[in-house]
Amino acid sequence: MLTRESLRADIAAIIHADPGEIGGEDDLIDLGLDSLRAMNLLVRWSGSGLRLDFGEFAERLTLDAWWAIVDRQQQQQAG
Amino acid sequence: MSGQLAMPPLHAPQPLTEAQSGLWYAQALDPANPIFNTGHYLDLRGPLDAGAFRAAVNGMVAEADALALRIEAGRHGPLQSVEEARRPWLEVVDLAGEADPEAAALVAMTRDMETPVDPARQRLAREVLFRLGPRRHIWYQRAHHLALDAFATDLTLRRVAELYAARCGQGQPGRTLPSFSLALAEDAAYRGGTRRAADAAFWRDAFADGPESVGMVPGTAVSARRAHRCAVALPESVGKALARLGPPWPDVLAALAGAYARRHTGGEEAVVGVALMGRLGSPAARVPCTLMNVVPVRLQPDEQLPLAEMLRATTQPLAEARRHGRYRGEQLRRDLGRVAAGRRLFGPLVNLLPFGGLPAFRGLDVTQHVLGTGPVDDITFTFRATPSGAGLRLEVEANPDLYSGAAARAHALRLAQFIAAALEAPCLAAVPTATPAEADWLLHGLNATSHPVPDTTIWALIAARMRETPHATALAFGEAAMTYAELEARSAALAGVLRAQGAGPGRIVAVALERSFALMVGLVAVLRTGAAYLPLDPGHPPERIARILADARPVVLLAKAALAGGTPVLPPAGWPRQGAAPAGGPADDRADGPADGPPDGPSPDDTAYVLYTSGSTGAPKGVVVAHRAILNRLEWMRRHYGFTPADRILQKTPITFDVSVWELFLPLIAGATLVLAPPGAHRDPVALAAILRRQRITTAHFVPSMLAAFLAEPATRGLRLARVFCSGEALTPELRDRFHATCTAELHNLYGPTEAAVDVSFWPAAADDASRPVPIGFPVWNTQLYVLDEALRPVPPGVTGHLFIGGVQLAREYLGRPDLTARAFLQSPFRPGERIYRTGDHAQVREDGAILFLGRSDQQVKIRGLRIELGEIEAALAGSRMVRQARVIAREDRAGDRRLVAYVVPGDGFDATALRAHVAARVPDYMVPAAFVALAALPVNSSGKLDRAALPAPGHAASHSRPAETEAERRMASLFAEMLGLERVGAEDDFFALGGHSLLAVELMLRVREAWGWDPGLGALFEHPTAARLAALMEDRGEADHGLGPLVRLCQGDAALPPLFLVHPAGGISWCYGRLARALAPRRAVHGLQAPALQEGATLPDSLEALAADYVDRILAVAPHDTVHLGGWSVGGIIAQAMAVRLRALGRRVGVVAMLDSYPTDVWRAEAEPDAHAPLRALLAIGGFDPDRLPEPVPLEPQAVADFLRRSDSPLGRLPPQVLSGVARVVRGNNRLVRAHRHARYGGEILHFRAALDHAGRGLHPDLWKPYAAAVKVADIPALHAAMTGAAAVARIAPVLSAHLLARDTEGQE
């Protein structure tokens, strides 16, 4: 199960930042994320069979936006 | 986000996004090109719920607005709107009844893909479901690239899958695809925002000091109408290795693709184009539309580092590029000024698609087949995989104008192998470029030249001939002849004396004799003792000779007189004529005679000759060649070319040059006749031609420089021989062609260094050989040729490498120089126990295996980081009739300023400016020489090769006229010199003849303005192109002349010849004729007539006749001659015809009436009214651009056009704005006059230059003039209408026009 914090940790790791530096509304591109790394994260998070759409992720690059998508998909998958 | 953006309504016309703009202009420039259609199909096997499927597709179509776009040209640029009638609802086509339903579907799809789409008149997209059977369907999607890019196509695909699943009761339909207006809004926001400026600045900085980008093959990167496509799957191991590395696999592949490209271009960096989806962080990320952008990335992968470390450095430029990747690549290209054809922003395009993996369609087995992905300018490497990297595929698309299908496939295999190897290797440097299969072919397949050769010596074969045909003529010299028997006797006698002096196997005898019987007797005598001969040129500097003799320590010297160095000399006068009886000598003396069984003497491994070559640096080195080596070469030649005793071979090459070896000995081993040319004759073409004829020579050799000079002599015309061999220098295609046009003989190109027994490769340069360049060809017997990289690995075809030679012909060593020997002769990595020789030459293997010689390193220069083969420029020069011979070198006369200088032996009608234009029409502008120096002859050294040191620096040769006298002249001349990069400019030298062009002209005039304090206008330089005249003008302050006056002089020339008056085309300005005016030979005065309406306040005449009459008045005021010539392009031709009629009516003589693709007014009356664009198009045309083929999209409105002209450095860009209104005035006025005009019949001939590439299907033909002229003569020019005053067309028009002008100068017409 993915959590908001585990997402934050994964993002931090891939852009070599401290998780504490990543706020919910921060623009991840400004923090150094690019599409390839975003893709990488998607892949990792899709590992448990979660259906995640790159287009959706691409629209808004914030932790909060991404968590919203992942949370919704996890609930759908469970329910 | 989207709440903050203004969402434009889609059913009203909207401007295009930046991404769409480039595509729209590209399609508009080439409406018949279907390459912009993207398409694919899914093969669906299994039970398809057709109703659900149709609903799903149509559901997607309802959301994807871009599929329904209509895009057409508006007043200020293209506009788009969504047209409901164009929505591509699913079409269902039942092919189940066809004999082969799948084939039928493929035919239909292919036909659809190959049909070009007009975005104004036709719908951009189609969705078709082909039913092949109850359990097989093909779903075809096609969309113009203006509507969708690859990611968007994937979006639509996924959406359909989602909707289908929902319809079948499997899950929720998910979010709708957002409206296209969101994409428009986002695009407008970026264009108006601050980020764009920041991005622009980033890119400018990143490329400020960048080298020119080059592709892997030469040529212009503009998409053709189709593309080669092929694909390979990368092995599983690659996917696994990529997963193990830190950086994401697309970064890794981009870096490796960059390294691969660099292996082929040979530069220090590779600039690859990286395709970006353009969607990250964009509110429009899920809009089906085209957002894809290609940005250039400079990569300098360090091949010595382990992969992981290397990638750390390459990841950074990739990341930065992505961060600023919203900025359009097309805009960047404009910013950097790389818009001219032939210049590019990047080499190969790398496309990384991590969204492969088809969505599932329930119950169906689905495979996808790509049909087209859009334009392919050069070569694209697409890597497709699922985001995790599984199932990696490489797809290669290549422009068929640049790559053959085989070459494209080879790249696919080679890149795949390169990547797989790179991921396993300790570092990139360990990875070869060629695949193992290619390497095997290159090393062994091409070099399977094994052939039996007798295990013997030259002397033994000669002795055999002496026995077989003692009375045959061995030698001829002038009128005298010598038989084999006499040669035997005299050489035997001399050999006895030589042996007494110590000559024998392992010893050397020096020979310094002129061509004569004595020379041959001497050489044969030396060989029969078993010693080696060392040829010397007594004309060489004494210290050089002394050094050689000290080095080689020959036992004796055969020469007329002693030379420096103290070797005992045996002059021919003292040689015995017949053998003395041996005084109890060794048995071998008797056995030496041919009557006594096998002769003694050398064995195959003994040295045959030692030849000293001058190194490019340092002391001469003695190359030691054994009998075995040279015998291979001679026997191959004898058998390969079929030499017989009937042959008569000319010996003319000095014996110090190794070509002489086969001239001297091939005849003797073939039992043929050796004809010795008199001393010095080899330099005199007339004498040579006489000898070739008188002596009935069958075979001769020429170094190409000498062959060119030889062919230039009229005495050589019609010469017939059996064979001519060329070696020693590159044989150009032009020389080959000129040879076959002049003589009748086989022509053979041979190549080889002295270190490999004369020649190692051959190529039949036959009359029907069209190779460019002429290859050095294939290896001779028992010889291998290798083109290797720095690590001694074979390079693939098309890549430049170092040429190495292997095989039996290699010299043993450099005499007494084990150090040089070890450096040049290496252990063969390919054939154990053997050696290879490093030639120091660059070469390439052609696709068919023939080797191309690319010159020594000094034939290859770098200017601004661009690699230039001087041979290419030389070839361009050689193709002009103005050039008899030409060489190009790079000179650095001023430190840090490297320039190309062409040295030309002039031919017919030589003119430096015209020649410059000729070259500029054939090579990229960075390869056009900065100076053209005419010489009476190209200086050659004693071997007949070009003597570079003797070539004069351009400054001195260029200027012919008197030095500046007055202060003003001195100032002006020094400005000229500075602009032209010359040391000195004479007061009467023409600026344009010295190499000035329009860009320099503008710069010059700026400086002139500064220096004198007033602006005479650009036109002043055209009128007064010499320092003296311009200085005089500046001093005598007059009216500013912007070059818009009614009569402008385009060119001065021979005042005795009748002048040519050229009438302006549509815009009223005649500057476009400058090039043509200067290209005429002989030069004559050429004037341009310009529309009076250009000046404000002028009134337009009422009719075309009145205009013509006005023009006639103007020309009569300046034309004292009886005869005048007229001409004009487009509407200028129409006016010229009317002027001709008027002149005749006045009783004046009209010579030539030339038209550049003009057609009578009848044609124009039928046409629609021109729109507001016409004057701007006319202005672009005057500026030298084809308005239909601009290098970048230019909105047709005055400011944009003016900006474009200014950016393109067109002199028009600097004109004041009233010019634009003047042109508009003229265009409207002329249009009115033309429509109202009815031609009268002109009683003379019209010379019509037809733009043969244009007007397809429009019924425009020069015959339309027949009712209005006594005769119409047509010359087809392979050009478009708009290019008729451009360099390429002028190069063809000028000679024809010049000839007609000359013919009509005195005749006039009756």
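The values are calculated or read from the model by the stated rules, or taken from the named source; none is laboratory data. Since the structure is predicted, the reported quantities are computational estimates derived from the model, not experimental observations. Cβ sites come from the backbone with ideal geometry, for glycine too, and all protein chains shown count toward neighbours.
Looking only at region B:702-735, filter to residues that are touching a residue at least 40 places away in the same chain (Cβ under 8 Å) and closer than 16 Å to B:V904 by Cα; which one of those is surrounded by the fewest Cβ atoms within 10 Å (Cβ to Cβ)?
B:A712
State all residues of region B:922-963 that are crowded, with 18+ Cβ neighbours inside 10 Å, at pLDDT 85 or above and assigned to a loop (DSSP other than H, G, I, E, B); if no residue qualifies, say none.
Correct list: B:P929, B:L938, B:L951.
Against the conditions (1) closer than 29 Å to B:D737 by Cα; (2) touching a helix residue (DSSP H, G or I) at 6+ places or on another chain (Cβ under 7 Å), where does B:A770 fall short? Just the number, please.
It is condition (2) that B:A770 fails.
Working only within region B:174-197, note down all residues that are without any contact (Cβ under 8 Å) to a residue 12 or more places away in the chain and of a type outside the set (S, T, N, Q).
Selection gives B:G192, B:G193, B:A197.
Scan region B:1110-1129 for residues that are part of a strand (DSSP E or B) and hydrophobic (A, V, I, L, M, F, W, C) and jot them down.
B:V1124, B:L1126, B:W1129, listed by residue number.
Checking B:V217 against (1) assigned to a loop (DSSP other than H, G, I, E, B); (2) farther than 27 Å from B:G372 by Cα; (3) away from every other protein chain (no Cβ under 14 Å): exactly one of these is not met. Which one?
Of the numbered conditions (1) assigned to a loop (DSSP other than H, G, I, E, B); (2) farther than 27 Å from B:G372 by Cα; (3) away from every other protein chain (no Cβ under 14 Å), the odd one out for B:V217 is (2).
The rows are residues; the columns are (1) of a type in the set (D, E, K, R); (2) within 14 Å of chain A (Cβ to nearest Cβ); (3) surrounded by fewer than 14 Cβ atoms within 10 Å (Cβ to Cβ).
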{"position": "B:L95", "(1), (2), (3)": "no, no, no"}
{"position": "B:T115", "(1), (2), (3)": "no, no, yes"}
{"position": "B:R123", "(1), (2), (3)": "yes, no, no"}
{"position": "B:L155", "(1), (2), (3)": "no, yes, no"}
{"position": "B:R158", "(1), (2), (3)": "yes, yes, no"}
{"position": "B:R167", "(1), (2), (3)": "yes, no, no"}
{"position": "B:A198", "(1), (2), (3)": "no, yes, yes"}
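For region B:358-374, which positions are aliphatic (A, V, I, L, M), over 30 Å from B:S223 (Cα atoms) and modelled with pLDDT under 90?
Of everything in region B:358-374, just one residue is aliphatic (A, V, I, L, M), over 30 Å from B:S223 (Cα atoms) and modelled with pLDDT under 90, namely B:A360.
What number of residues within region B:1251-1301 satisfy the criterion of being assigned to a helix (DSSP H, G or I), modelled with pLDDT under 90 and of a type in the set (K, R)?
1
Is one or more of the residues making up region B:29-46 aromatic (F, W, Y), surrounded by fewer than 19 Cβ atoms within 10 Å (Cβ to Cβ) and at pLDDT 95 or above?
No, the conditions are met nowhere in region B:29-46.
Modelled with pLDDT under 90 and under 23 Å from B:L519 (Cα atoms), is that true of B:P645?
So B:P645 does not fit the description; no.
Would you say B:R414 is surrounded by 15 or more Cβ atoms within 10 Å (Cβ to Cβ), touching a Phe, Trp or Tyr at 6+ places or on another chain (Cβ under 9 Å), within 20 Å of B:D251 (Cα to Cα) and at pLDDT below 95?
When the stated conditions are applied, B:R414 does not pass them.
Residue-by-condition table, conditions (1) closer than 26 Å to A:D53 by Cβ; (2) within 14 Å of chain A (Cβ to nearest Cβ); (3) not in a loop (DSSP other than H, G, I, E, B):
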{"site": "B:E98", "(1), (2), (3)": "no, no, no"}
{"site": "B:A103", "(1), (2), (3)": "no, no, yes"}
{"site": "B:Q141", "(1), (2), (3)": "yes, no, yes"}
{"site": "B:L146", "(1), (2), (3)": "yes, no, no"}
{"site": "B:E162", "(1), (2), (3)": "yes, yes, yes"}
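Is it true that B:D819 is under 22 Å from B:T732 (Cβ atoms) and either without any contact (Cβ under 8 Å) to a residue 24 or more places away in the chain or out of contact with any helix residue (DSSP H, G or I) (no Cβ under 9 Å at 6 or more places or on another chain) (or both)?
Spelling it out, it is not the case that B:D819 is under 22 Å from B:T732 (Cβ atoms) and either without any contact (Cβ under 8 Å) to a residue 24 or more places away in the chain or out of contact with any helix residue (DSSP H, G or I) (no Cβ under 9 Å at 6 or more places or on another chain) (or both).
Considering every residue within region B:1278-1300, establish whether at least one is surrounded by fewer than 15 Cβ atoms within 10 Å (Cβ to Cβ) and charged (D, E, K, R).
Looking for residues that are surrounded by fewer than 15 Cβ atoms within 10 Å (Cβ to Cβ) and charged (D, E, K, R), one finds none in region B:1278-1300, hence no.
For residues that are modelled with pLDDT under 95 and not in a helix (DSSP H, G or I), scanning just region B:517-552, find the one that is farthest from B:L631 (Cα to Cα).
If we take residues in region B:517-552 being modelled with pLDDT under 95 and not in a helix (DSSP H, G or I), then B:P541 is farthest from B:L631 (Cα to Cα).
If a residue counts only when it is farther than 20 Å from B:L676 by Cα and touching a His at 6+ places or on another chain (Cβ under 6 Å), which helices (runs of 4 or more DSSP H) contained entirely in region B:392-502 have at least 1 such residues?
Answer list for region B:392-502: B:405-424.
Looking at B:A270, B:A261, B:A255 in this structure, which one is under 18 Å from B:A429 (Cα atoms), among the hydrophobic types (A, V, I, L, M, F, W, C) and within 14 Å of chain A (Cβ to nearest Cβ)?
Of B:A270, B:A261, B:A255, the one residue that is under 18 Å from B:A429 (Cα atoms), among the hydrophobic types (A, V, I, L, M, F, W, C) and within 14 Å of chain A (Cβ to nearest Cβ) is B:A255.
Condition first: over 15 Å from B:P317 (Cβ atoms) and surrounded by fewer than 19 Cβ atoms within 10 Å (Cβ to Cβ). Now tell me which residues in region B:240-273 satisfy that.
B:K240, B:A243, B:R244, B:L245, B:G246, B:G266
Out of the residues in region B:1140-1164 that are among the β-branched types (V, I, T), over 39 Å from the mean Cα position of the chain (by Cα) and at pLDDT 90 or above, state the one that is nearest to B:A1117 (Cα to Cα).
Out of the qualifying residues, it is B:V1150.
Go through region A:19-69 and give me each residue that's among the polar types (S, T, N, Q), surrounded by fewer than 20 Cβ atoms within 10 Å (Cβ to Cβ) and within 11 Å of chain B (Cβ to nearest Cβ).
If the condition is that a residue be among the polar types (S, T, N, Q), surrounded by fewer than 20 Cβ atoms within 10 Å (Cβ to Cβ) and within 11 Å of chain B (Cβ to nearest Cβ), then A:S46, A:T62 are the ones that fit.
Suppose we filter A:L50, A:L33, A:L61, A:L42 for residues that are under 17 Å from B:D251 (Cβ atoms) and touching a residue at least 24 places away in the same chain (Cβ under 8 Å); which single one remains?
So the residue among A:L50, A:L33, A:L61, A:L42 that is under 17 Å from B:D251 (Cβ atoms) and touching a residue at least 24 places away in the same chain (Cβ under 8 Å) is A:L33.
Results for (1) surrounded by fewer than 22 Cβ atoms within 10 Å (Cβ to Cβ); (2) basic (K, R); (3) at pLDDT 75 or above, shown as yes or no for each residue.
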residue: B:A1181; (1), (2), (3): no, no, no
residue: B:P1187; (1), (2), (3): yes, no, yes
residue: B:Q1199; (1), (2), (3): yes, no, no
residue: B:P1216; (1), (2), (3): yes, no, no
residue: B:G1222; (1), (2), (3): no, no, no
residue: B:N1230; (1), (2), (3): no, no, yes
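Say we look at region B:375-393 and pick out the residues that are at pLDDT 85 or above and farther than 26 Å from B:Q27 by Cβ; which of these is nearest to the other protein chains (Cβ to nearest Cβ)?
My answer is B:F383.
For region B:240-280: of the residues being under 30 Å from B:H802 (Cα atoms) and either of a type in the set (D, E) or touching a Cys at 6+ places or on another chain (Cβ under 6 Å) (or both), which is modelled with the highest pLDDT?
B:E269
Within region B:745-783, work out how many residues are over 28 Å from the mean Cα position of the chain (by Cα), surrounded by fewer than 24 Cβ atoms within 10 Å (Cβ to Cβ) and hydrophobic (A, V, I, L, M, F, W, C).
The qualifying residues number 2.
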